[in-house]
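Asker: There's a structure below that I have some questions on.
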Amino acid sequence: MYKLRGHHLFCLLGYRGMGYSEEYVENMTRLHQTLRAKPNTLILLVKGPDQLCEKYPNSGKYHCQDDNIYEKDAIILEKMGLKIGQILTWMDIEASIRKFVVPSDIQTVCKSCSWRSYGVCEEGIQEIHEGKRLRKLL
């Protein structure tokens, strides 16, 4: 079972193999590929730092404890009809995305995210709506 915070549910949809450091990318890629290959993998929704945050590079202020990040987590979970402490499969999370999220939500929910300008998260949400799985990394 993986522990994930709210906004990382969206980050996984847009993940294309880029990240904050080599160690972070390796960790994110491992999780992404596991969920892609085994969509019945269990996810525990947590408040605060999760298994992806564990590999966030220590470069001063700890981004994963920022109030804006907690706020983003809460907004995303509420939008998806999910709650901290729930245990779901990745497939259940994809179903919730199809039901409650549209690609343009990224523009408002994730407006402060430095990755938003790439457009990959909207693409990821659109692909889930089209019945596709997480994208295969090149």
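The values are calculated or read from the model by the stated rules, or taken from the named source; none is laboratory data. Computed from a predicted model, the values in this text were never measured in an experiment. Counting neighbours? That spans all protein chains shown, and the Cβs are built from the backbone with ideal geometry, glycine included.
Asker: Which condition from (1) part of a loop (DSSP other than H, G, I, E, B); (2) without any contact (Cβ under 8 Å) to a residue 60 or more places away in the chain; (3) closer than 19 Å to Gly17 by Cα is the one that Gly85 breaks?
Answerer: (3)
Asker: Further, regarding this structure: Can you name every residue in segment 113-138 that is touching a residue at least 12 places away in the same chain (Cβ under 8 Å) and either more than 25 Å from Lys3 (Cβ to Cβ) or of a type in the set (Gly, Ala, Ser) (or both)?
Answerer: Tyr118, Glu122, Glu123, Gly124, Gln126, His129, Leu138
Asker: Being in contact (Cβ under 8 Å) with a residue 40 or more places away in the chain and surrounded by 14 or more Cβ atoms within 10 Å (Cβ to Cβ) is the filter here, so list the residues in segment 102-112 that pass it.
Answerer: Across segment 102-112, the qualifying residues are Ile106, Val109, Cys110.
Asker: Could you please let me know if Asp73 is within 19 Å of Tyr24 (Cβ to Cβ), assigned to a loop (DSSP other than H, G, I, E, B) and under 13 Å from the mean Cα position of the chain (by Cα)?
Answerer: no
Asker: Quick one: in segment 18-32, of everything that is of a type outside the set (Val, Ile, Thr) and farther than 21 Å from Met91 by Cα, which residue is surrounded by the fewest Cβ atoms within 10 Å (Cβ to Cβ)? Lay out the reasoning, then the answer.
Answerer: The initial filter retains those residues of segment 18-32 that are of a type outside the set (Val, Ile, Thr), namely 18-24, 26-28, 30-32.
Narrowing further to those that are farther than 21 Å from Met91 by Cα: 18-24, 26.
Details: Met18: 12, Gly19: 20, Tyr20: 14, Ser21: 13, Glu22: 10, Glu23: 13, Tyr24: 17, Glu26: 12.
Applying the filter and picking the extreme gives Glu22.
Asker: Only residues that are at pLDDT 95 or above, part of a loop (DSSP other than H, G, I, E, B) and among the aliphatic types (A, V, I, L, M): list them for segment 1-55, please.
Answerer: Within segment 1-55, Met1, Val46 qualify.
Asker: Quick test of your reading of the structure: Arg116 fulfils all but one of (1) over 13 Å from Leu13 (Cα atoms); (2) basic (Lys, Arg); (3) at pLDDT below 95. Name the failing condition by number.
Answerer: (1)
Asker: Here's another thing I want to ask about it. Test of understanding: among Lys99, Lys83, which residue is loosely packed, with under 14 Cβ neighbours inside 10 Å, closer than 25 Å to Thr34 by Cα and touching a strand residue (DSSP E or B) at 6+ places or on another chain (Cβ under 8 Å)?
Answerer: Going through Lys99, Lys83 in turn, the sole match is Lys83.
Asker: Mind listing whichever residues of segment 39-80 are surrounded by 12 or more Cβ atoms within 10 Å (Cβ to Cβ) and of a type in the set (Lys, Arg)?
Answerer: Lys47, Lys55, Lys72, Lys79
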